[in-house]
Each structure stands twice: as structure tokens, then as C-alpha cells.
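Written below as C-alpha cells is the structure these notes are about.
Every number in this text was worked out from the coordinates using simple rules, so none of it is lab data. It should be emphasised that the depicted structure is a prediction, and the values quoted were computed from it without experimental measurement. Glycine also receives a Cβ, built like all others from the backbone with ideal geometry; neighbour counts cover every protein chain displayed.
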Amino acid sequence: MRFLGNIEAKTDAKGRAFLPAVFRKVLQASGEERLVVRKDVFQKCLVLYPESVWNVRLDMLKANLNLWKPAHMQMLRQFMQGAETFTLDGNGRFLLSKQLLKAAGIAGQDIQFIGMDDVIEIWAPQQLESNTLSDEAFGEEFERIMNSDNAL
């Protein structure tokens with residue numbers, strides 16, 4: 001399952017958004033019905049996980065935690081408490097809670113969907129712009145990463 005694209009959209013007054021058709025087709029082709037949304041751990045955006053992807057990521061997290069250590073239990077709790085599950089309605093819409101919209105800095109109705117391989121990010125346009133490198137900086141960082149010892 002691979003999501004690809006950069007799609008501008010809007011939420012309605014209640015915080016509902018249409019998942020872009022290109023992403024709905026990917027979900028349907030892979031038999032996914034349920035999604036999980038939470039604020040990204042590192043960036044001020046939301047991440048939509050198909051349920052199967054969420055489960056794999058959650059298993060990865062738990063494999064790195066010892067739930068008998070209070071700090072590890074807190075990490076799991078904090079990761080889980082911000083997550084919400086949903087299914088799309090018949091029109092392809094879903095509701096973003098006010099809490100999630102606020103956490104991602106989405107104040108207006110404009111949003112941007114970014115296909116990020118096996119997940120979809122939702123950004124406030126101004127947040128996305130402030131987190132995007134210039135073309136030159138992107139090229140330099142790309143070259144540095146691809147020429148590192150950890151690259152393929």
C-alpha cells in the first residue's frame with residue numbers, strides 16, 4: 001500500500017473532511033476500512049494510518065518498550081491517548097476532532113493531504129510551508145543521507 005500525492009482540501013464547519021479519491025482507491029484496493037489518526041510524534045501535523053499499518057507500528061513500539069518501567073509505560077500511554085479510530089462515511093468523509101485540529105495547528109478550514117508511503121499526513125498549509133526545506137537545502141540533505149554509510 002503506497003500513498004502518493006499532495007492534495008489541497010478543506011474541512012467543513014464541523015471539522016469533517018473528504019479523504020481524496022486517490023487515497024480512498026488505495027485503501028479500497030488493499031481492503032482497509034478502518035483508519036487511525038493521531039498527531040505526529042515529531043511534526044505539527046496529523047497522521048492517518050490504515051489500521052493494519054497502525055498495528056505494525058504499535059507492535060514495533062511495544063517491542064522496544066519494557067512495560068514494567070514507568071517511563072516506558074508513559075511513552076505508550078502518551079502515544080495511545082492521542083489516537084482516534086474511524087471509518088469513512090458513505091461519501092468518503094471523516095471527522096477530525098477539535099483536539100486533533102488544535103494539536104496540528106489547523107485553525108482554518110484549509111488543509112493539505114500528503115501521501116507518505118504507507119500513511120497520509122494532514123497539514124495546515126502554513127505549517128507545511130514552514131517545515132519544507134528550500135530546494136537547495138533539500139538537495140544537500142538528500143545527498144548527505146544517500147552518501148552516508150547507512151544508505152543502501
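When you restrict to C-alpha pairs under 8 Å that are six or more residues apart and normalise by the size of segment 1-145, the relative contact order lands at 37 percent.
Within the set K25/K98; K10/K39; K25/K62; K69/K98; K10/K98, which residue pairs have Cα atoms separated by over 24 Å?
The answer is K25/K98; K25/K62; K69/K98.
Amide H contacts of C45 (H built 1.01 Å from N, in plane; Pro and chain starts excluded): D40 sit under 5 Å, all sequence-distant by 5 or more or on other chains. If R0 equals 30 Å, the separation of the Cβ atoms of A137 and M80 corresponds to a calculated FRET efficiency of about 0.30. Is segment 70-133 rounded, prolate or oblate when judged by the Cα gyration tensor, a ≥ b ≥ c being the square roots of its eigenvalues, rounded requiring a/c under 1.5 and prolate requiring a/b larger than b/c? Judged from the Cα gyration tensor, segment 70-133 comes out oblate (a/c at least 1.5, b/c at or above a/b).
Calculated on the alpha-carbon coordinates, the convex hull of the chain measures out at 142 cubic angstrom per residue. Counting Lys and Arg as +1 and Asp and Glu as -1, what is the net charge of the other residues whose Cβ lies under 14 Å from the Cβ of S148? Surrounding charge for S148 is -3. For G5, nonlocal amide neighbours, meaning residues 5 or more places apart or on other chains whose placed amide H falls under 5 Å from its own, are G115. Here the 3J(HN,Hα) profile of segment 56-69, calculated from phi with Karplus coefficients 6.51, -1.76 and 1.60 at θ = phi - 60°, is 5, 5, 5, 4, 4, 4, 5, 5, 9, 10, 10, 6, 9, 9 Hz, Gly and Pro shown as x. Got a sec? Charge dipole of the chain, +1 on Cβ for Lys and Arg, -1 for Asp and Glu; which of I106, M116, G139 is way out at the positive end? The one lying farthest along the dipole's positive direction is I106.
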